[in-house]
Amino acid sequence: MPTMNLSRYLAIHAEPSLASLLESVARACTGISMALGQGALAAGVLGSAGSENIQGETQKNLDVLSNQMLMDAVTASSTVAGMASEEMEHIYALPATVPQAPYLLVFDPLDGSSNIDVNVSVGTIFSVLRAPTHAAELSAGDFLQTGRSQVAAGYALYGPSTQLVLTLGQGVQMFTLDRQRGEYLLTQESVKIPEVTAEFAINMSNQRFWEAPVQLYIQELLNGKEGVRAKNFNMRWIASMVADVHRILTRGGVFLYPVDSKIRQQGGKLRLLYEANPMSWLIEQAGGAASTGRESILDIMPGSLHQRIPVVLGAKEEVSRVIDLHRA
């Protein structure tokens, strides 16, 4: 039976204000998990909120609720100078009356929310950055830091069990929520991704819109033993980045959300700050690789708060093959 809980782990591996911030995030994730668990039994949980976020996507009720739960929990911790969310157009800066805090938090409060009404796994993604030390008013530019600047990153997966997956730059640890005790217990340490895999995750409905390198790569996988890869591959797609990446962290694979002709003007589908950076750091900390196909995700200097990019992450061998095809 695991004995190390999240609080104890953070007390050992994180400085106090970071530990306090991450515990606040974990408490919010527990609340989101409980709301999801109620489903149709709770009023105002399922269905559309009747609004759109800054991305132009229809918000679910739980998108709005999850965003507020995270903001409330983290604000109360007094550990962040400001927050940015996929669901908010602008940053949220803490009032000037609050003493300057050392961190910034960016998050996707409910990744994969289109799955909520059909009871499929969703999650929360978060990333911690250092706040500026200057006394000037906090701005969106203060959040524009490369993925290598992250202090902590992780996600909560709301599935048959609720899991919190975390990196502080010292490997990847997995915690599982003990619902009876109301705490997260360390259930897997130093997660490692196999370098070689036979599984891939991609939305095949977009195939006709992909660029040539991705078309060629996926065709290689589909050709199986009879093709140049000389082995069969299985495809998995949940349409929840958290769930798809969690599968890769636990049993290997590669995840792709490439740019295509439908979303070329946007730059890609996934958001650099809220999704690509935290997930890429987790993958690299577990021994995998992450790229746009042309450059390392973690080295990209963001140009805007809601910037989107292509994403390829997972087993090193597969990510390297995609990069090679883009260079050809």
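Read-outs: derived from the displayed coordinates by stated rules, not from any lab. As the structure is a computational prediction, the values presented were derived from the model and not from experiment. Note that each Cβ is placed from the backbone with ideal geometry, even for glycine, and that neighbours are counted across all protein chains shown.
Quick notes on this structure:
- Residue with peak Gaussian network fluctuation, the chain [Cα springs, cutoff 10 Å], from Gly39, Gly112, Gly287: Gly39
- Figure legend: label point modelled 7 angstrom from the Cα of Ala76 along Cα→Cβ; residues of region 170-184 with amide N under 18 Å from it are 182-184.
- Summing charges over all other residues whose Cβ lies under 13 Å from the Cβ of Arg27, with Lys and Arg as +1 and Asp and Glu as -1, gives -3.
- A simple count of charges around Trp210, restricted to other residues whose Cβ falls under 14 Å of its Cβ and scoring Lys, Arg +1 and Asp, Glu -1, yields +1.
- The Val118 and Arg327 beta-carbon pair, evaluated with R₀ = 45 Å, returns a calculated FRET efficiency of approximately 0.70.
- Burial ranking of peptide ranges 184-197, 242-255 (average Cβ count within 10 Å, highest at the top): 242-255, 184-197
- Relative contact order %, the chain, counting alpha carbon pairs below 8 Å whose residues are six or more apart: 16 percent
- The GNM of the chain, with springs linking C-alpha atoms under 10 angstrom apart, assigns the highest mean-square fluctuation among Ala101, Ala286, Ala276 to Ala101.
- Most mobile listed residue (Gln207, Gln265, Gln68) in the chain, GNM with C-alpha springs under 10 Å: Gln265
- Potential lengthening between Ile12 and Glu137 on full extension [0.36 nm per residue; Cα-Cα distance subtracted]: 41.7 nm
- Set against the 2.2 N^0.38 Å expectation for a compact globular protein, region 6-188 has a Cα radius of gyration ratio of 1.01.
- Sorted ascending by nearby beta carbons within 10 Å, beginning with the fewest, Phe200, Phe126, Phe209 become Phe209, Phe200, Phe126.
- Rounded to the nearest 5, the antiparallel percentage of DSSP beta bridges internal to region 199-327 is 75%.
- Semi-axis lengths (Å, descending) of the ellipsoid that matches the C-alpha gyration tensor of the chain: 31, 22, 21
- Region 199-327 - Kirkwood radius from inverse mean 1/r over Cα pairs (Å): 14.6 Å
- With contacts taken as Cα pairs under 8 Å at a separation of at least 6 residues, region 6-188 carries a relative contact order of 16 percent.
- Cβ crowding within 10 Å ranks Val312, Val25 as Val25, Val312, fewest other Cβ atoms first.
- Options Gln266, Leu282, Pro16, ranked by Cα towards positive dipole end of the chain, top entry (Cβ charges): Leu282
- Environment charge at Ile91 (Cβ cut-off 11 Å; Lys +1, Arg +1, Asp -1, Glu -1): -3
- Taking 0.36 nm per residue of sequence separation and removing the Cα-Cα distance, the Asp178/Trp237 pair yields an extension gain of 18.5 nm.
- Dipole check for region 6-188: with +1 at the C-beta of Lys and Arg, -1 at the C-beta of Asp and Glu, and the Cα centre as origin, the magnitude is about 580 Debye.
- q = 0.15, 0.17, 0.25, 0.29 Å⁻¹: log10 I(q)/I(0) that the Debye formula gives for region 87-151, counting C-alpha atoms only: -0.59, -0.71, -1.14, -1.35
- Placing +1 on each Lys and Arg Cβ and -1 on each Asp and Glu Cβ, with no other charges, gives the chain a dipole about its Cα centre of roughly 660 debye.
- Between Gln100 and Ser190, the simple label model (points 7 Å from Cα in the Cβ direction) yields a spacing of 3.9 nm.
- Estimated vicinal HN-Hα couplings, Hz - region 82-94 in sequence order (Karplus 6.51, -1.76, 1.60; Gly, Pro = x): x, 9, 9, 9, 4, 8, 10, 5, 10, 5, 10, 9, 5
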